[in-house]
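What follows is a short report on a single structure.
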Amino acid sequence: MDDLGNQVEKIATKTADSIRKVIDKALSARNTVLTIRVNDECNEKLNMLVESGLFRSRSESAAFLIQEGIKSQQPLFDKIGNKLKKIDKIREELKEIVTQEITQSKEK
């Protein structure tokens with residue numbers, strides 16, 4: 001029975017270490033400061049993550065959750081990115097049209 005307890009403890013430690021590595025990797029590239037407002041429920045969840053010892057601060061837990069949310073919605077961001085490229089192209093075309101019109105009106 002003692003051996004089983006040791007095995008469970010080893011697995012739990014490995015799991016915690018793996019989670020910590022994922023979290024550290026996700027948080028290592030943070031370089032932009034944001035000020036955000038959250039509702040009470042979100043604040044409670046962020047505090048839970050800190051109290052559990054997974055994160056050192058609510059800021060860390062929020063950054064991790066934002067990154068994970070973005071990852072989980074990557075197909076949506078891909079679609080948005082494609083639409084933004086089209087919008088940029090249309091803007092450039094409009095600039096060209098306006099420039100041509102201005103040039104032509106000056107020539108008259």
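Where a number appears in this text, it was derived from the coordinates with a stated rule and is not lab data. Note that this is a predicted model, so its numbers are computed, not measured. Neighbour counts are summed over all protein chains in view; Cβ atoms, including those assigned to glycine, are modelled from backbone coordinates with ideal geometry.
Given their separation in residues at 0.36 nm each and the Cα-Cα distance between them, ARG30 and SER72 gain 13.2 nm when the chain is fully extended.
Treating the angle as unsigned and between 0 and 90°, give the value, to the nearest 10°, between the Cα long axis of helix 58-72 and the longest Cα principal axis of the chain. Helix 58-72 sits roughly 60 degrees off the main axis of the chain. Ordered by the count of other Cβ atoms within 10 Å of each Cβ, fewest first, PHE77, PHE55 give PHE77, PHE55. Between 0 and 90 degrees, the angle of helix 40-51 with respect to the longest Cα principal axis of the chain falls at about 50 degrees. Taking the C-alpha atoms only, the angle from helix 74-107 to the longest principal axis of the chain is near 20 degrees.
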